Amino acid sequence: MIEVLAKLGRGPVFLAGEVLECVITFTNPLSASSTSASSEMLAWASAQIHCQFHASENRVVLPPSDGSKHDVQAENETVFVPNRGERGQCILSTPPKILFCDLRLDPGESKSYSYCETLPIDGPPSFRGQSVKYVYKLTIGCQRVNSPIKLLRVPFRVLVLHGLKDYQFPQDEAVAPSNPFLEEEEGLKKDSRLADLATELLMVATSRRSLHLYNISNTRGKVGTFCIFKTVYKIGEDVIGTFNFSEGDIPCLQFSVSLQTEESIQEEFQRRRGQPGSFSTHARHQEACLHTAQSSFSLPIPLSSTPGFTTNIVSLKWRLHFEFVTSGESAGTCLVRGSQSEAITWTGVEQIEVDTFSWDLPIKVLPTNPILASYVSQFSSTNSITI
């Protein structure tokens, strides 16, 4: 028996273009019955990253797949196929890397190997929607002598930030060392610079503030104004907005604000022409506001949510969805005077004529620092199997 443990050193969330590093440890556990003859042999081990695409057959017409061959590993148990048994199509994969060949482990002995690979910068982000899914996994395949291949899958999340692809790091640096043994350190330095650059780009894009004022009106007149100071956010931030109903001609009885995403399939891949997009609500604020001069809301963008993106098959867009309930009468008729003689008591009317209308405000949601997103990730940094 051999235990295989894979550990992602920095957490399970990465930016496209970063280097994923995983330490894989093979252990022959020491037991009470272990003897010198209890040594274990592994023929080989290999690792590869792949992105699996899965679509709902009711909503999406799948594009032709280059990998629509039969499962070769089912016939030949010495072939390493990382996506064996997976649903959907493998749309992206890195070249496989061999970790070792002919490994012998004595009882209680362990051997560790480091796997490093740069995540493709032009791949899609991780996404689990109602119509499509993009799932990234690091698959480690290993085989004992005269035994079937065993696969250890390590799922992780990928965030995509547009603009990193066009950035070119300087080729020559004045302080660049010439020692070839520092090659790995230089690679890690470049990866660190990539994360720093992403953080800087995100800070610049989301820190710009300017007053955006919108008049809220229906066919009968003005209800109020809405104010928001920016329309570009990172996941993990709060969307804050304020209402001013004091200058409105039409009384607003109630409003609600929903933070939503719209998942739309590109026209050429739609199962039915003109099919509507799928909406998901991530946060909602509702408030009764009759005789309220001003109000506000704060909606958090979950760190686990997917920033907006577009591929050749699907697009994801963010928006604020507003719903207003207004009175068909003036504000004064919404109250009636009580019958008490000594004190005046005002109560709400039992029935009132109302109008409802909605409004959508598009916003842009970008990724955040992957280390921050790792804290709430559903994936574990450590995965293991026994073979």
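The values are calculated or read from the model by the stated rules, or taken from the named source; none is laboratory data. It should be emphasised that the depicted structure is a prediction, and the values quoted were computed from it without experimental measurement. Glycine gets a Cβ as well: all are built from the backbone with ideal geometry, and neighbour counts include every protein chain shown. The area values use the complete protein model at the heavy-atom level, side chains included, leaving out ligands, DNA and RNA. Shrake-Rupley method; radii C 1.70, N 1.55, O 1.52, S 1.80 Å.
Cross-link list 222/364; 133/230; 97/133; 7/234; 7/317; 230/317: which exceed 23 angstrom alpha carbon to alpha carbon?
222/364; 133/230; 97/133; 7/234; 7/317
For every other residue with a beta carbon closer than 13 angstrom to the beta carbon of residue 132, add +1 if it is Lys or Arg and -1 if Asp or Glu, then tell me the sum.
Local charge sum for residue 132: +3.
Using a 1.4 Å probe on the protein heavy atoms only, what accessible surface does residue 233 show? Give it in Å² to the nearest 10.
Residue 233 exposes around 10 Å² with every protein chain in place.
Quote to one decimal, in nm, the extra length available between residue 349 and residue 43 on full extension: 0.36 nm per residue of separation minus the C-alpha distance between them.
Gain on stretching residue 349 to residue 43: 102.0 nm.
Obtain the nm distance between the two label points defined at residue 291 and residue 109 by a simple spin-label model: each point lies 7 Å from its Cα along the Cα-to-C-beta direction.
Modelled inter-label distance: 8.4 nm.
Just name one of 259, 195, 207: the one whose Cα is farthest towards the positive end of the charge dipole of the stretch 186-266 (beta-carbon charges, Lys/Arg +1, Asp/Glu -1).
With unit charges placed on the Cβ atoms, the residue in question is 207.
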